[in-house]
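First the structure, in the form of structure tokens, and then the observations on it.
Every number in this text was worked out from the coordinates using simple rules, so none of it is lab data. It should be emphasised that the depicted structure is a prediction, and the values quoted were computed from it without experimental measurement. Positions of Cβ are generated from backbone atoms using ideal geometry, with glycine treated the same way; all protein chains shown enter the neighbour counts.
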Amino acid sequence: MNENNAKDLMELIVKVGDDRLGEDIVALDVRGLTTIADYFVLMNGRNQRQVKALVESIDEAITKANYNVKGIEGKSGNDWILIDAEDVIVHIFTKDARETFNLEKLWNDAPLVNVSALLDKE
């Protein structure tokens, strides 16, 4: 996937998360920090049911837009589910799990994408 496609996919994921009422959506530009992805998108749901609904909606939108979902991990627990969409990795948490794992702190060297500006484009 080229850089523009990864950015477009990240934007799609952010918008779908917002449409489905995902909370505290953060996108990290990890291109200079790791080779596993260009972007991480993090969000949380109010409860496990909403986490599952966010995962299903994002998975469907990625597939519908002709991108590839390589895998989904953690579906059995619904506290932290990871969607591997090649150059974009999506982390969807319950609020408690997000606070526990605190990926934003772990990846604090990654520049933040201005999510508000992406959502204002609509």
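Taking the stretch 39-74 only, how many residues are hydrophobic (A, V, I, L, M, F, W, C), surrounded by fewer than 21 Cβ atoms within 10 Å (Cβ to Cβ) and free of Cβ contacts under 8 Å to residues at least 40 places away in the same chain?
Applying the first criterion (hydrophobic (A, V, I, L, M, F, W, C)) to the stretch 39-74 yields 40-43, 51, 53-55, 58, 61-62, 65, 69, 72.
Restricting the remaining residues to those that are surrounded by fewer than 21 Cβ atoms within 10 Å (Cβ to Cβ) gives 53, 61, 65, 69, 72.
So of that shortlist, the ones also free of Cβ contacts under 8 Å to residues at least 40 places away in the same chain come out as 53, 69, 72.
Matching residues across the stretch 39-74 total 3.
In the stretch 75-121, which residues are without any contact (Cβ under 8 Å) to a residue 24 or more places away in the chain, polar (S, T, N, Q) and not in a helix (DSSP H, G or I)?
Of everything in the stretch 75-121, those that are without any contact (Cβ under 8 Å) to a residue 24 or more places away in the chain, polar (S, T, N, Q) and not in a helix (DSSP H, G or I) turn out to be S76, N102, N108, N114.
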